[in-house]
Amino acid sequence: MPPPSGRVSAPLAVVVAGALAIVTAGCGADAVDPVESPRTAAASATGTTPTSATTGTTPASVATGATPTSATTGTTAASSTHRPRAGRDGATAATTAATTTATSPATDPPAATTTTTTDATPLRGATVVVDPGHNGANARHPGRINRLVPSGTGRKACNTTGTQSVTGMTESRFNWLLAGHVVRALRAKGATVVTTRRSDRGVGPCVNRRAAIANAAKADASVSIHADGGPSTGRGFHVILPGPVAQVRGHDRIVAPSRRLGVAVRDAYRRGSGMPHATYLGRAGLDTRTDLGGLNLLRVPGVMIETGNMRNATDARRMADPRWRRRAGRAIARGVERFLLAQR
Ligand SMILES: [Zn+2]
């Protein structure tokens, strides 16, 4: 997680000469690369290269014209009466429809026609930026990640190393793997997904750059994936919402939609991952901050999620389980989906 402003110096101090020092007091969230094989996820896109980390501020997938034209499809499906989800749900809907038909006057239109519309790609036309926090080689390049960059309210370190789990997994690796599941789930639903890094072996990008990638993509939603290094007795996750930052033009108007996004992600993640709301900070799984460059510089709706406390043995055990990560990643995607569909 990102250290609060009071701890701003922490990320600068953690990288000790040559040592692979890891922040344990907070992840200094702001950096990213994604998937349980993130590169596969990135490459498996709809034919677009997902990352912009090396291509400048205009993400490749945006440059190739991913601009949606098919929002109609999603809208149509969303407005269908039953919105069958396939499989058993579809069967249930059909039964209901049949009953309705049997008991309705003969002049009614056949109800069954409204139950057969299934949109497998409800997010077609939407662009989502997924930002896996930190990067695998940050700790070996203190000079690069400690240089100061604009943060919206001042200047902060380009990036930090992130924390490390009590099971030995680095936060950057965890973020990358979890983000991969989010990316795949969103793409499967038809969204155009842009990621801020393309592997877990690089350095950065800086926090201001990550925000710039989301802004350049004109993302409908942006989600930064992190894991916290909280007190070992504290459990759970929280979603960090951007607060007002007068110095950044266009930022204030994303505060309200970001809150809606954050609430949707919190609710979906709570249900899907089984992780409790953080017991050691925030309130009901939400926290608002204005000291994080990655959020301050956004001009599109965005949130950061601290998916669990890597310094807590119970959370860490769960986070080390690949099956849990898949559930958790899909849950985040569902939260984003819910937010996006509510916008239409
Ligand atoms: Zn972090």
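Read the figures in this text as sums done on the coordinates, not as results from a lab. None of the values given here were measured: they were computed from a predicted structure. As a convention, Cβ positions derive from the backbone with ideal geometry for all residues, glycine included, and neighbour counts pool all protein chains shown.
If you check Thr196, Thr192, Thr163, Thr121, which single one turns out to be of a type in the set (Val, Ile, Thr), out of contact with any His (no Cβ under 8 Å at 6 or more places or on another chain) and surrounded by fewer than 23 Cβ atoms within 10 Å (Cβ to Cβ)? Going through Thr196, Thr192, Thr163, Thr121 in turn, the sole match is Thr121.
Pick from Ser199, Ser222, Ser165: which is small (Gly, Ala, Ser) and in contact with a Gly (Cβ under 6 Å, 6 or more places away or on another chain)? Break it down stepwise before answering.
Working: Ser199 fails: in contact with a Gly (Cβ under 6 Å, 6 or more places away or on another chain); Ser165 fails: in contact with a Gly (Cβ under 6 Å, 6 or more places away or on another chain).
After ruling out the rest, the residue left standing is Ser222.
If you go through the stretch 215-237 and pick out every residue that is closer than 17 Å to Glu171 by Cβ, touching an Asp or Glu at 6+ places or on another chain (Cβ under 8 Å) and of a type in the set (S, T, N, Q), you end up with 1. Identification of helices (runs of 4 or more DSSP H) wholly contained in the stretch 238-344 with 2 or more residues that are closer than 27 Å to Met169 by Cα and under 16 Å from the mean Cα position of the chain (by Cα) yields 255-273, 293-296, 322-343.
Does any residue of the stretch 174-191 turn out to be among the β-branched types (Val, Ile, Thr) and within 23 Å of Cys158 (Cβ to Cβ)?
Keep residues of the stretch 174-191 that are among the β-branched types (Val, Ile, Thr), which gives 182-183.
Remaining after also requiring within 23 Å of Cys158 (Cβ to Cβ): none.
No, the stretch 174-191 has no match at all.
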